[in-house]
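S.K.: Handing you this structure, nothing more for now.
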Amino acid sequence: MTAERTVTDVMRSPDNVIGVDESARQTMQQFKLETVRSLVVLSDEAPVGVITRERVRKLTEPELDLSVREFMTATPVATLDTTMGMARASIQTAEFDIDRLPIVDADGKLVGVVDRSALIHEGDTMRAETGMVQFRGRDGADGAQINLAAGSQVRGSDDEKLGELDEVLIESGRVTTLFVKHGLLGRHHKRIGADHVSRVDGDTVYLDFGKQEFKFLADVESAEAQLS
């Protein structure tokens, strides 16, 4: 049997990093110069989180002078012997704006990164108009599978209408991401992890958060424009 590839096969030198005690304002120049959605936050050469472009964009002037540690987000990490499958599963649990997986050595020091896109494209990935979403039981075990279909109404936790399901992203046979169109004529889209689906009732998909949280999510079009 052929051994599964590890992250060392696609790992590259670490870049786009910032110290945990640097000010949030110091991230702005890097975000202007680099087409990245997040910076890896380091403390004594070890990754302790990430700070995202979207988070910095929403900070007030006084907040920009606070340290990065105040606004960083937890991030999964991988070791040099982590398989591609394990790394892919790990990055899929992280929010969309975390666009790289830090790789650490035996001492926990950052030695490289793997781009999210490299991990996702490595798997069996496709966009589709329909697919099965896997629910999880309270014990973390796989639960029921329910089919999602484009055209379904998407509603929030308070039953408010959020938009319409446009497409789903299928990875290894399961829906991992929903693309929800909203706004005037449905011209804008939000990308939402399938783990936020709380239930499906006929042709209506319910999420586990409300309209206010939905509004704060970046539109796919805005994120792509920032990276172009």
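S.K.: Pull up the range 172-207, narrow it to residues that are among the basic types (Lys, Arg) and at pLDDT 90 or above, then point me to the one that is surrounded by the most Cβ atoms within 10 Å (Cβ to Cβ).
M.R.: Of everything passing the filter in the range 172-207, Lys190 is surrounded by the most Cβ atoms within 10 Å (Cβ to Cβ).
S.K.: Can you tell me which residues in the range 147-171 are loosely packed, with under 15 Cβ neighbours inside 10 Å and farther than 22 Å from Lys215 by Cβ?
M.R.: Asn147, Ala149, Gly151
S.K.: Which residue, of Val48, Val40, Val36, Val20, is in contact (Cβ under 8 Å) with a residue 60 or more places away in the chain, under 18 Å from Lys109 (Cα atoms), surrounded by 15 or more Cβ atoms within 10 Å (Cβ to Cβ) and of a type in the set (A, V, I, L, M)?
M.R.: Exactly one residue qualifies, and that residue is Val40.
S.K.: Something else about it: Given Gly123, Gly112, which one is at pLDDT below 85, farther than 21 Å from Phe209 by Cα and surrounded by 11 or more Cβ atoms within 10 Å (Cβ to Cβ)?
M.R.: On the way: Gly112 fails: at pLDDT below 85.
When all the criteria are applied, what remains is Gly123.
S.K.: Further question on the same structure: Pull up the range 169-213, narrow it to residues that are charged (D, E, K, R) and assigned to a loop (DSSP other than H, G, I, E, B), then point me to the one that is farthest from Arg155 (Cα to Cα).
M.R.: Arg187
S.K.: OK, next. Anything in the range 159-168 that is touching a helix residue (DSSP H, G or I) at 6+ places or on another chain (Cβ under 7 Å) and either part of a loop (DSSP other than H, G, I, E, B) or polar (S, T, N, Q) (or both)? List them, or say none.
M.R.: Glu160
S.K.: Lys161: basic (Lys, Arg), in the same structural domain as Gly19 (by TED's automatic domain parsing) and modelled with pLDDT of 90 or more, yes or no?
M.R.: no
S.K.: Kindly indicate whether Leu169 is assigned by TED's automatic domain parsing to the domain that holds Phe214, out of contact with any strand residue (DSSP E or B) (no Cβ under 9 Å at 6 or more places or on another chain), modelled with pLDDT under 90 and not small (Gly, Ala, Ser).
M.R.: No.
Results for (1) within 23 Å of Phe216 (Cβ to Cβ); (2) exposed (fewer than 15 other Cβ atoms within 10 Å of the Cβ); (3) outside the structural domain of Thr27 (by TED's automatic domain parsing); (4) not acidic (Asp, Glu), shown as yes or no for each residue.
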site: Leu66; (1), (2), (3), (4): yes, yes, no, yes
site: Thr79; (1), (2), (3), (4): no, no, no, yes
site: Thr82; (1), (2), (3), (4): no, no, no, yes
site: Ala87; (1), (2), (3), (4): no, no, no, yes
site: Leu101; (1), (2), (3), (4): no, no, no, yes
site: Val104; (1), (2), (3), (4): no, no, no, yes
site: Arg116; (1), (2), (3), (4): yes, no, no, yes
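S.K.: Further question: Would you point out which residue out of Val104, Val68 is aliphatic (A, V, I, L, M) and touching an Asp or Glu at 6+ places or on another chain (Cβ under 9 Å)? Write out each step before concluding.
M.R.: On the way: Val104 fails: touching an Asp or Glu at 6+ places or on another chain (Cβ under 9 Å).
Answer to the check: Val68.
S.K.: Please specify each residue of the range 89-99 satisfying the condition of being free of Cβ contacts under 8 Å to residues at least 40 places away in the same chain and either surrounded by 23 or more Cβ atoms within 10 Å (Cβ to Cβ) or aliphatic (A, V, I, L, M) (or both).
M.R.: The answer is Ala89, Ile91, Ala94.
The values are calculated or read from the model by the stated rules, or taken from the named source; none is laboratory data. No experiment lies behind these values; they were computed from the predicted model shown. Here the Cβ is made from the backbone with ideal geometry for all residues, glycine too, and neighbour counts use every protein chain on show.
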